[in-house]
1. Pick from 19, 34, 48: which is within 24 Å of residue 109 (Cβ to Cβ) and either part of a helix (DSSP H, G or I) or at pLDDT 95 or above (or both)?
2. Can you tell me which residue within segment 47-77, out of those that are over 16 Å from residue 134 (Cα atoms) and touching a strand residue (DSSP E or B) at 6+ places or on another chain (Cβ under 7 Å), is surrounded by the most Cβ atoms within 10 Å (Cβ to Cβ)?
3. Residues being farther than 18 Å from residue 37 by Cβ, loosely packed, with under 15 Cβ neighbours inside 10 Å and in contact (Cβ under 8 Å) with a residue 24 or more places away in the chain: count how many of those fall in segment 93-129.
């Protein structure tokens, strides 16, 4: 009887861990390829969360500086700025990081990013209670989005 009880507890813990990791879903992650000596590029994806969270930081080994950015029109000028306070992801809403909008900037590149490569990216999220969650993403390198709209 004791081994069965232990097995049930282990199964419950595995199930709970799966539920926690399923809270935030990242889809269609890709990184724009670079040319020799290019020092920056962008990463794009779709993020959905069951609960409201904030994307607070991003990191990848291929870049020395990683930031969450926004591009938007101000008057007749397109401006890009870092979102130092992070990016809100409302509950049950998909936020798309794309060219000309929210995106991840990877600067001080340590290597060229070639088409077909996979770039690992670590996303850090925080919920309203201050609980942090890290999501690891493998982004496809491509000149344009490899995903259909």
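1. 34
2. Filtering segment 47-77 for residues over 16 Å from residue 134 (Cα atoms) gives 62-65, 69-77.
With touching a strand residue (DSSP E or B) at 6+ places or on another chain (Cβ under 7 Å) added as a condition, the list becomes 62-65, 69-72.
On the way: 62: 21, 63: 25, 64: 12, 65: 13, 69: 16, 70: 14, 71: 15, 72: 12.
This residue is 63.
3. Qualifying residue count, segment 93-129: 10.
The values are calculated or read from the model by the stated rules, or taken from the named source; none is laboratory data. The model shown is predicted, which means the values in this text are computed figures rather than measured ones. Here Cβ is always computed from backbone atoms with ideal geometry, including for glycine, and neighbour counts include all displayed protein chains.
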